[in-house]
Amino acid sequence: MAKIRILVSLTTNDNDYQVEQAQSAEQAASKLGVTAEILYANNDAINQSTQILRAIQAAPAERPNAIVFEPVGGTALPQVARAAAGAEIGWAVLNRDANYIEDLRKDSTAAIFAISSDHAEIGRIQGRQFAALLPRGGTVLYIQGPSENSAAKERTVGMQETKPANIQIIALRGQWTEESAQRAVRSWLKLTTSQKATVDLIGAQDDSMAIGARKAFEELSNEADRERFLKLPFTGCDGLPKTGQAWGA
């Protein structure tokens, strides 16, 4: 009997959570005696779609038995999902709403499902952290994930639910990577409004972006400004052992 093959499509290898997911997939595959092929889309939804379609359209003997993927863009690739279901390839969506799941299940014998963290609750936890760190209120420089990403939206909604009214938010956008947050903060620092803003805390929707923001502040040439920002609390999400937990130690 041929060995079961699982294709795991992740957003980028420049994010600690995605790398951890890849390692977990490989460990689980080894334990179960199946093969896991890891692909990274480099934060490009078109590239991700092309990579997955190429696997679906391969010769039958070379196709994966199932595809597990975390979408890059704003959708969970419904057309690609239909192609997978039509080829009787299992389909699992990570950390994203996929409203086509129920319909695909009606006509396919393959396993089709979605699984996600509770991103709204993650946001609520972070809102409570802001409240604990700023008991008298203040301003948070808040680095969010991509605007089209449902996890980023839900984390923001959750945070807004629990943060006190006396905490104000200055929102920037990143791409779940250290480099993207570093660029976002650099751009913000060039604005006249940033020079007038009093920031009391830096909060990011994941740990990679939190450390990227910190690196942007480390680049400031003005020593007083640099020290002022670097003394502030920096918070992220996920807390993976080798990154978030280590950085917070």
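The values are calculated or read from the model by the stated rules, or taken from the named source; none is laboratory data. Quick caveat: nothing in here was measured; it's all calculated off a predicted structure. Cβ placement follows ideal geometry from the backbone for every residue including glycine, while neighbour counts extend to all protein chains displayed. Only protein heavy atoms, including side chains, enter the accessible area calculation; ligands, DNA and RNA are left aside. Shrake-Rupley method; radii C 1.70, N 1.55, O 1.52, S 1.80 Å.
Worth a mention:
- Computed with a 1.4 Å probe over protein heavy atoms only, the accessible surface of the chain comes to 51 Å² per residue.
- Carbon + sulfur, % of accessible area of the stretch 187-249 - ligands and nucleic acids excluded, 1.4 Å: 49 percent
- The stretch 1-72 shape via C-alpha gyration tensor axes, a/c threshold 1.5: oblate
- Element breakdown for the stretch 1-116 at a 1.4 angstrom probe: carbon and sulfur atoms account for 51% of the accessible area.
- DSSP-assigned coil residues among GluC sites (Glu not before Pro) in the stretch 191-249, each with at most 12 further Cβ atoms within 10 Å: GLU219
- Taking 7 Å steps out from each Cα toward its Cβ at ARG186 and ASN222 produces label points 1.9 nm apart.
- With all protein chains modelled, accessible area of VAL157 [1.4 Å, Å²]: 80 Å²
- Size of the stretch 33-123 as Cα extents on the principal axes (Å, biggest first): 44, 32, 29
- Contact order relative to length of the stretch 1-121, as percent, for alpha carbon pairs under 8 angstrom and 6 or more apart: 23 percent
- Accessible area per residue (1.4 Å probe, heavy atoms of protein chains only) ranks ILE170, ILE115, ILE143 as ILE115, ILE170, ILE143, with the largest value leading.
- Loop-located trypsin sites (Lys or Arg not before Pro) in the stretch 166-227 (DSSP state other than H, G, I, E, B) with a sparse environment of at most 11 neighbouring Cβ atoms within 10 Å: LYS190.
- The local environment of GLY137, defined by Cβ-Cβ distances under 15 Å, has a net charge of +2 under the rule Lys, Arg +1 and Asp, Glu -1.
- FRET efficiency, GLU26 to ARG82 (Cβ-Cβ, R0 25 Å, nearest 0.05): 0.35
- Table column - 3J(HN,Hα) (Hz), the stretch 15-22, Karplus curve with 6.51, -1.76, 1.60, x for Gly and Pro: 9, 4, 5, 5, 5, 5, 4, 4
- Using equal-weight Cα scatterers in the Debye expression, the normalised intensity of the chain in log10 at q = 0.11 Å⁻¹ is -0.64.
- Theoretical ellipticity at 222 nm over the chain - DSSP helices of four or more residues, -39500 (n - 2.57) apiece, nearest 500: -14000 deg cm²/dmol
- The base-10 log of I(q)/I(0) for the stretch 64-189, evaluated at q = 0.12, 0.16, 0.18, 0.19 Å⁻¹, reads -0.58, -0.83, -0.94, -0.99 [Debye formula, identical scatterers on Cα atoms, solvent excluded].
- Listed residues THR156, THR109 arranged by accessible area, highest first, probe 1.4 Å: THR109, THR156
- Derived scalar couplings ³J(HN,Hα) [the stretch 229-242; Karplus, 6.51 cos²θ - 1.76 cosθ + 1.60; whole Hz; x for Gly, Pro]: 6, 5, 7, 6, x, 10, 10, x, 9, 4, x, 6, x, 8
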